[in-house]
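One structure is given here, and the rest of the page talks about it.
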Amino acid sequence: MTDTDATIARLPKAELHVHIEGTLEPELMFALARRNNVRLAHSDVAALRRAYAFTNLQDFLDLYYQGMSVLLHEADFYDLAMAYFRKAASQNVRYVEFFFDPQGHTSRGIAFETVIAGLARAQADAEAQLGLASRMIMCFLRHLDEADAERTLDQALKHKDKIIGIGLDSSEVGYPPSRFKNVFRRAREEGFLLVAHAGEEGPPNYVWEAIDVLGIDRIDHGNRALEDAALVKRLAKDGLALTVCPLSNLRLCVVKDMKDHPLRRMIDAGLKVTINSDDPAYFGGYMNENFASVGSALGLSADHLMQIARNGFEASFMPAHMKEAALDAFDQAIRSPAV
Ligand code: ADE
Ligand code: ZN
């Protein structure tokens, strides 16, 4: 382990962009397939891993939706989330805001309540057993229509105690944020915080729409915002944070080489950036691997890495008193001689 790896491992971290279904490791997928008598398209773990060679977002999404087919019962959602929480805690992740895709499950006949119950039970156990606090953000699948999103929002209303925010994910190009204007307006009126994937593969105009049409509080990815100077200015002025996912960008060919990753340019432009893992079971790394990979490719200093980790807590949707305590704990941890 290099000195930088050790620094990264010791940094307290907040993860703000992780799809819980994207944490389904092939070993658990096959175990759940056996438990639930589900037939998978690949013969074994090795064959599945070999298929994780993506050329774009859609290539990945096709396998991601297939993978979900093993999640049937409350216990499956519990096991999925608990495995991720254990891994996150082992990397000194102290706080998580995770996405889930209810339409990926309700469309297969799984009750919305089953999904929520399993995830919420894992959250409670992670907090009690691992000291890891987490909150849920429900995403709409943007390749489905707004009416489907509206029905999904209806189902979330009785779970406002558990779901803090609404997001937008899945296939980006051809599905601009403005298609979801009305359902996002209603979500805002219902008190949810709002995020959207924008500028991952889609053009800067999608980021403008996420800000001006949907009224989002944070941007997921946002890479292509850098193509539009006025947009960069706006993001900096409003202090809108970006949840950047370096290994995801590499594996989905959003960047050709990690050395081309825009994270350093984002920092230099005054943007509030965070580092996250997106779908770590598919992209070859959790939080520490994402920090290490982009950090070494771009020559980021220990101060940069520390500031990015701190941004994760600052850009989180924690209530003010909790955020203040988390930032104090962060500052104390990095002052200790071990870091
Ligand atoms: N769903 C899961 N991961 C995603 C990503 N990186 N972009 C869009 N939708 C997703
Ligand atoms: Zn994502």
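The values are calculated or read from the model by the stated rules, or taken from the named source; none is laboratory data. No experiment lies behind these values; they were computed from the predicted model shown. Here the Cβ is made from the backbone with ideal geometry for all residues, glycine too, and neighbour counts use every protein chain on show.
Give me the residue from segment 246-288 that is within 16 Å of ligand 1 (Cβ to nearest atom) and acidic (Asp, Glu) and, out of that set, farthest from the chain's Cα centre (by Cα). Ranking the candidates gives Asp279 first. In segment 215-225 there is at least one residue matching the filter, namely being away from ligand 1 (no atom under 16 Å from the Cβ), among the acidic types (Asp, Glu) and touching a strand residue (DSSP E or B) at 6+ places or on another chain (Cβ under 6 Å). Among the conditions (1) within 23 Å of Glu150 (Cα to Cα); (2) part of a helix (DSSP H, G or I); (3) more than 15 Å from the chain's Cα centre (by Cα), the only one that Ile110 does not satisfy is (2). Among the residues here, Ala225 does not qualify as surrounded by 24 or more Cβ atoms within 10 Å (Cβ to Cβ) and either more than 20 Å from the chain's Cα centre (by Cα) or closer than 30 Å to Val45 by Cα (or both).
Which residue out of Asp62, Asp76, Asp44 is among the charged types (D, E, K, R) and within 16 Å of ligand 1 (Cβ to nearest atom)?
Details: Asp76 fails: within 16 Å of ligand 1 (Cβ to nearest atom); Asp44 fails: within 16 Å of ligand 1 (Cβ to nearest atom).
Criteria check complete, one pass: Asp62.
The residue list Glu127, Glu97 contains one member that is farther than 16 Å from Asp79 by Cβ and not in a strand (DSSP E or B), which is Glu127.
I'd like the full set of residues that are among the basic types (Lys, Arg) and either surrounded by 18 or more Cβ atoms within 10 Å (Cβ to Cβ) or within 16 Å of ligand 2 (Cβ to nearest atom) (or both), limited to segment 9-52. Residue satisfying the conditions is Lys13 alone. A search for C-beta distances below 7 Å between a residue of segment 56-72 that is hydroxyl-bearing (Ser, Thr, Tyr) and any residue that is in a helix (DSSP H, G or I), counting only pairs 6+ apart in sequence or on different chains, returns Tyr64/Glu21; Tyr64/Gly22; Tyr64/Tyr282; Tyr65/Gly104. One residue stands out among those in segment 172-213 that are hydrophobic (A, V, I, L, M, F, W, C) and in contact with an Asp or Glu (Cβ under 6 Å, 6 or more places away or on another chain): the one that is nearest to Arg224 (Cα to Cα), which is Val173.
From Ala196, Ala210, which residue is within 14 Å of ligand 2 (Cβ to nearest atom), outside any strand (DSSP E or B) and surrounded by 19 or more Cβ atoms within 10 Å (Cβ to Cβ)?
On the way: Ala196 fails: outside any strand (DSSP E or B).
Step by step, each of Ala196, Ala210 is checked, and only Ala210 is within 14 Å of ligand 2 (Cβ to nearest atom), outside any strand (DSSP E or B) and surrounded by 19 or more Cβ atoms within 10 Å (Cβ to Cβ).
Considering (1) touching a Ser or Thr at 6+ places or on another chain (Cβ under 6 Å); (2) part of a helix (DSSP H, G or I), the lone condition that Lys233 does not fulfil carries the number (1).
Pull up segment 242-262, narrow it to residues that are assigned to a loop (DSSP other than H, G, I, E, B) and surrounded by 23 or more Cβ atoms within 10 Å (Cβ to Cβ), then point me to the one that is farthest from ligand 2 (Cβ to nearest atom). If you could, list the steps in order and put the result at the bottom.
First, pick out the residues of segment 242-262 that are assigned to a loop (DSSP other than H, G, I, E, B): 245, 252-257, 261-262.
Applying the additional criterion that residues be surrounded by 23 or more Cβ atoms within 10 Å (Cβ to Cβ) yields 245, 252, 262.
Numbers: Cys245: 6, Leu252: 10, Pro262: 16 Å.
Ranking the qualifying residues of segment 242-262, first place goes to Pro262.
Screening Leu63 with (1) crowded, with 21+ Cβ neighbours inside 10 Å; (2) closer than 23 Å to Ala198 by Cα; (3) of a type in the set (A, V, I, L, M, F, W, C) gives one miss only, at (1). What do you reckon, is Ala46 in a helix (DSSP H, G or I), more than 17 Å from the chain's Cα centre (by Cα) and at pLDDT 95 or above? It is true that Ala46 is in a helix (DSSP H, G or I), more than 17 Å from the chain's Cα centre (by Cα) and at pLDDT 95 or above.
Please find, among Gly165, Gly174, Gly191, the residue that is within 16 Å of ligand 1 (Cβ to nearest atom), out of contact with any helix residue (DSSP H, G or I) (no Cβ under 8 Å at 6 or more places or on another chain) and assigned to a loop (DSSP other than H, G, I, E, B).
Working: Gly165 fails: assigned to a loop (DSSP other than H, G, I, E, B); Gly191 fails: within 16 Å of ligand 1 (Cβ to nearest atom).
Of Gly165, Gly174, Gly191, the one residue that is within 16 Å of ligand 1 (Cβ to nearest atom), out of contact with any helix residue (DSSP H, G or I) (no Cβ under 8 Å at 6 or more places or on another chain) and assigned to a loop (DSSP other than H, G, I, E, B) is Gly174.
Residues are listed down the side, and each one gets a yes or a no for (1) surrounded by fewer than 17 Cβ atoms within 10 Å (Cβ to Cβ); (2) under 18 Å from Phe317 (Cβ atoms); (3) not small (Gly, Ala, Ser):
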{"site": "His105", "(1), (2), (3)": "no, no, yes"}
{"site": "Thr114", "(1), (2), (3)": "no, no, yes"}
{"site": "Ala120", "(1), (2), (3)": "no, yes, no"}
{"site": "Leu132", "(1), (2), (3)": "no, yes, yes"}
{"site": "Met138", "(1), (2), (3)": "no, yes, yes"}
{"site": "Arg142", "(1), (2), (3)": "no, no, yes"}
{"site": "Asp148", "(1), (2), (3)": "yes, no, yes"}
